[in-house]
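Structure, as structure tokens:
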Amino acid sequence: MHVHPAIAALRGTTASQRRAVAANKAAMEQAHKAWLDRADICRVREELSRYGSGAELEACEALRSLTHDHARAVAFVEALIGPTLGVLKTHPLGETPYRFKVSQGLATVQVLDASGATLSLLAYEPLEDAQAPQSALFSDRDINDIVVSGSAHGVVHTLGEAGAMSSRPMHLAPGDCLATKARIGVRRILRVERTLLLLQLAREPQRPRPVREIALGTGVELRTASGDKSASQAVMALSVLGALKDYGALNVMHAAALNRDEDPDVRWEAVRQTLGLGAMRGLEALDTLARREDDPLSAPALALRDQLLATQPDLRALWKESA
Amino acid sequence: MERAAIHYKSLISRAAWRASISPLRRFIYLGALERGLTMNTPIIDVASLPGLETAQGLFGSLAQATSGYGDEVVAIMVYVYDVLPPEAAI
């Protein structure tokens, strides 16, 4: 097994490990802070926050030019990568302070993040077995890309008012800009010629609407998935609390089930888990929902309440007793 | 009700709390709560309860369905490194 000499030198000595970690962290943080404090970056951060809160891109001059002016985009990327690489040269075990993700052929680094808007670097590598996609995903994100370097072939799909999809092939080269509108536009990178580096400005609403998968040939909607990460986390949290038999969470679940501002999938999972933990509490929630005619969960709650009362005689007896 | 109340963080802290209490306290507190709630009440199997007709997939569940570069859904995981050696934490 190959062990990097810098790591081998730290083996067995916790004091030097601690010092090394602290030194790496301090050096990286210092470089990061110096970059964040630059006047031009301060302005970009301030505008990013405004853009995330709903301002038009035209009203954010620095941000707009960053994603439309190739020279500025290149200067931004150089000012970001240069100091980070400088620290990595002197501290090879340092951790970069940015969120990142590496998947097949694609590396993403989230550089700045404010009020639902993000500025990221995306690097697409050539993929040998890239297959032509059969469908496209339309998500609730406004995206502005500028090609910093590299080249690739891709396609832009746009949904018309009647739901018809039009597709336009494109070739991307340095300086090219792409604006993709949330929910009606999607751009796909299909074949990378030379590693494609994009600077991407993206914006998502606080509660993004569902992601839709639409078939390319027919325009038929195949599936939808939640676009709201926190809602899906809540669904999973509810099912884990139920599986843990956490009776102390019953009140929270009951309230989530009745909360009209909550995501419908979260509410229904709360209904199911409440029924699982305490049948009577769950039945109470179902009954309340069933009586609210203007609630979107009213009909399924009524159906489930009647089904449970019809099929479970013990439950029906208890329910009559409590009524 | 704030969604924060059923957020991951509160789930994790609840689970950690439940795991950390002693068996005796668990018997006294949770046992009483659980016995009180489930006594004479029929148990409903959650798996037997239907989902919504309009149910959607979980966030990110479509990402793997399409081939090629997975750039449609942004889900960046944050890795938290435990940088203190165990001895230092004691």
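Bear in mind that the values in this text are calculations on the coordinates, not laboratory data. Not measured: the values here are computed from a predicted model. Cβ placement follows ideal geometry from the backbone for every residue including glycine, while neighbour counts extend to all protein chains displayed.
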According to the square roots a ≥ b ≥ c of the eigenvalues of the Cα gyration tensor, what is the shape class of the stretch A:166-323, taking rounded for a/c under 1.5, prolate for a/b larger than b/c otherwise, and oblate for the remainder?
prolate
Taking amide H positions as placed in the peptide plane 1.01 Å from N, state which residues far from residue A:60 in sequence (5 or more) or on other chains have amide H under 5 Å from it.
none
Would you mind calculating the gained length between residue A:209 and residue A:320 on full extension (0.36 nm times residue separation, minus the Cα-Cα distance), in nm to one decimal?
35.9 nm
The stretch A:10-35 and the stretch A:220-247 have their Cα centres apart by a whole-number Å value of 38
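Using a/c under 1.5 as the rounded threshold, could you call the stretch A:201-291 rounded, prolate or oblate? The axes a ≥ b ≥ c are square roots of the C-alpha gyration tensor eigenvalues, and prolate needs a/b larger than b/c, oblate otherwise.
Prolate shape, in that a/c is at least 1.5 and a/b is the bigger ratio.
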Here the whole-number average of other chain Cβ atoms within 10 Å per Cβ of A:275-283 is 5
Roughly what would the spin-label model give for residue A:27 and residue A:46, points 7 Å off Cα along C-beta, in nm?
3.4
Between residue A:129 and residue A:168, the FRET efficiency computed from the C-beta separation at R0 = 30 Å comes out, to the nearest 0.05, as 0.75
Partner chain Cβ atoms within 10 Å, averaged over the residues of A:234-240 - can you pull that number for me?
5
In whole percent, the Cα-Cα distances of the stretch A:1-137 spread across 5 Å bins from 0 upward as 2, 8, 13, 16, 16, 14, 12, 9, 6, 3, 1, 0
Give me the percent of Cα-Cα pairs in the stretch A:85-164 that sit more than 17 Å apart, rounded to a whole number.
67
Need the full-extension length gain, residue A:35 to residue A:14, defined as separation in residues times 0.36 nm minus the C-alpha distance. One decimal, nm.
4.4 nm
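As a footprinting exposure proxy, order A:207, A:141 by other Cβ within 10 Å, with the fewest listed first.
With the fewest neighbours first, A:207, A:141 line up as A:207, A:141.
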Report the Cα centroid-to-centroid distance between the stretch A:280-323 and the stretch A:113-146 in angstrom, as an integer.
45
Charge dipole (debye, nearest 20) of the stretch A:42-147; +1 at Cβ of Lys and Arg, -1 at Cβ of Asp and Glu
340
FRET efficiency estimate (nearest 0.05) - Cβ-Cβ, residue A:89 to residue A:193, R0 22 angstrom
0.15
Peptide A:52-62 - average C-beta neighbours from other chains (10 Å radius):
0
For the stretch A:102-236, shape from the Cα gyration tensor axes a ≥ b ≥ c, cut at a/c of 1.5 then a/b versus b/c, turns out oblate
